[in-house]
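All remarks here apply to the structure that follows.
The values are calculated or read from the model by the stated rules, or taken from the named source; none is laboratory data. As the structure is a prediction and not an experimental result, all values here were calculated from the model. Cβ sites come from the backbone with ideal geometry, for glycine too, and all protein chains shown count toward neighbours.
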Amino acid sequence: MLQQLCWLCPAALHSRKELKSHVGTEHQRLDIICPWCVEDVPTIMSRPYDLKRHVGRWHEAIADGLNQDIFTEAGAFYLALYPKDYSKVVKPLVFTTQAAKEAREAVKVWRETSQASKLK
């Protein structure tokens, strides 16, 4: 069985699933932002499901109109803090899909109206 090597540290994992878990928990490289929050401190989550629950609770007015594929692992790529790392363990949605377009537009507006510069 081929080992999955972490590109961020010397860890060697037994499966791609373990590598994904490692990169997400040990390095927080799968974190995603809520582009609908424009507070002083960016809202960051580690799982697309948590973002879906958050949006349903705090952004109810827009929740029903959003393409639900945004809340999949593949769709969350467009909301990733570290998209290059994210794409190494999760295959992103195709760039031209409606969900990808909606996510990119939400991030664009978020960057223009929030404290996005605090994410360094």
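Assorted remarks:
- Only listed residue being under 16 Å from the mean Cα position of the chain (by Cα), aliphatic (A, V, I, L, M) and exposed (fewer than 13 other Cβ atoms within 10 Å of the Cβ), chosen from Val55, Val107, Val89, Val94: Val94
- Any hit, region 13-32, residues being farther than 12 Å from Tyr86 by Cα, among the hydroxyl-bearing types (Ser, Thr, Tyr), surrounded by fewer than 19 Cβ atoms within 10 Å (Cβ to Cβ) and more than 14 Å from the chain's Cα centre (by Cα): yes
- Where Val94 falls short, out of the listed (1) of a type outside the set (Ser, Thr, Tyr); (2) without any contact (Cβ under 8 Å) to a residue 60 or more places away in the chain; (3) in contact with a strand residue (DSSP E or B) (Cβ under 8 Å, 6 or more places away or on another chain): (3)
- Test: residue in region 61-69 that is free of Cβ contacts under 8 Å to residues at least 12 places away in the same chain and of a type in the set (A, V, I, L, M, F, W, C): yes
- Filter pass, Val38 being surrounded by 14 or more Cβ atoms within 10 Å (Cβ to Cβ) and over 14 Å from the mean Cα position of the chain (by Cα): yes
Residue-by-condition table, conditions (1) small (Gly, Ala, Ser); (2) modelled with pLDDT of 95 or more; (3) under 29 Å from Gln4 (Cβ atoms):
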| residue | (1), (2), (3) |
| --- | --- |
| Ser21 | yes, yes, yes |
| Met45 | no, yes, yes |
| Asp69 | no, yes, yes |
| Lys101 | no, yes, no |
| Lys108 | no, no, no |
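- Lone unmet requirement of (1) of a type in the set (Lys, Arg); (2) without any contact (Cβ under 8 Å) to a residue 12 or more places away in the chain; (3) over 18 Å from Arg104 (Cβ atoms) for Lys20: (2)
- Answer residue from region 66-86, given it is in contact with a Ser or Thr (Cβ under 9 Å, 6 or more places away or on another chain) and not in a helix (DSSP H, G or I) and is surrounded by the fewest Cβ atoms within 10 Å (Cβ to Cβ) among those: Asn67
- Here the condition is being surrounded by 14 or more Cβ atoms within 10 Å (Cβ to Cβ) and farther than 27 Å from Ser21 by Cβ; of Ala100, Ala63, it holds for Ala63 alone.
- Some residue of region 35-51 being in contact (Cβ under 8 Å) with a residue 24 or more places away in the chain and in a helix (DSSP H, G or I): yes
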